[in-house]
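Trainee: If you scroll down you'll find the structure; I have some questions about it.
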Amino acid sequence: MRFIIQLIISTLAVLISSYILKGIHIEGNSFYIALKVAAVLAFLNAVVKPIMVLLTIPITFITLGLFLLVINALMILLTEKLVTGFHVDGFWWALLFSFILSLVTSILEGVKKRDENNGQNFQ
């Protein structure tokens, strides 16, 4: 159940982020496409990203961790290639999308935790 809630939060974050950024396009603002983007991005972040981080440790160390931002943008560009109906206008839009997506996800997670804490206070 926790995974489904996290996936819905990520889907909403993708929709909100694509609405904010002009360089990110979800055909028809479809919830279904946003759900696919969230699922594929979750899979890539769980499987591919750790491998890329491991392989790029030297450059990540030299750049004081800033190269991880490039890896995040690459994960979004790879998601674009895998999900029909999701389009990113370029690397910089992908980088900005990763920032906005993280920010929106954090806000939604905060709201969820606040609601969970309020529900526990009343029991």
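Trainee: Across the stretch 9-38, what is the number of residues that are surrounded by fewer than 16 Cβ atoms within 10 Å (Cβ to Cβ), assigned to a helix (DSSP H, G or I) and touching a residue at least 24 places away in the same chain (Cβ under 8 Å)?
Mentor: Quick first cut of the stretch 9-38, residues surrounded by fewer than 16 Cβ atoms within 10 Å (Cβ to Cβ) only: 19-20, 22-23, 27-32.
Then keep just the ones that are assigned to a helix (DSSP H, G or I); that gives 19-20, 27-29, 31-32.
Still in the list and also touching a residue at least 24 places away in the same chain (Cβ under 8 Å): 20, 27-28.
So the count comes out to 3.
Trainee: Among helices (runs of 4 or more DSSP H) lying entirely in the stretch 55-123, which contain 1 or more residues that are surrounded by 17 or more Cβ atoms within 10 Å (Cβ to Cβ), in contact (Cβ under 8 Å) with a residue 24 or more places away in the chain and touching a helix residue (DSSP H, G or I) at 6+ places or on another chain (Cβ under 9 Å)?
Mentor: Helices (runs of 4 or more DSSP H) meeting the threshold: 67-82, 91-121.
Trainee: Separate question: Under the condition of being farther than 17 Å from Ala13 by Cβ and polar (S, T, N, Q), which residue from the stretch 37-72 is farthest from the chain's Cα centre (by Cα)?
Mentor: Thr63
Read-outs throughout are calculated quantities, based only on the coordinates presented, and are distinct from any laboratory measurement. If you're wondering where the values come from, they're calculated on a predicted model, not measured in any experiment. Virtual Cβ from ideal backbone geometry, glycine too; neighbours counted across all protein chains shown.
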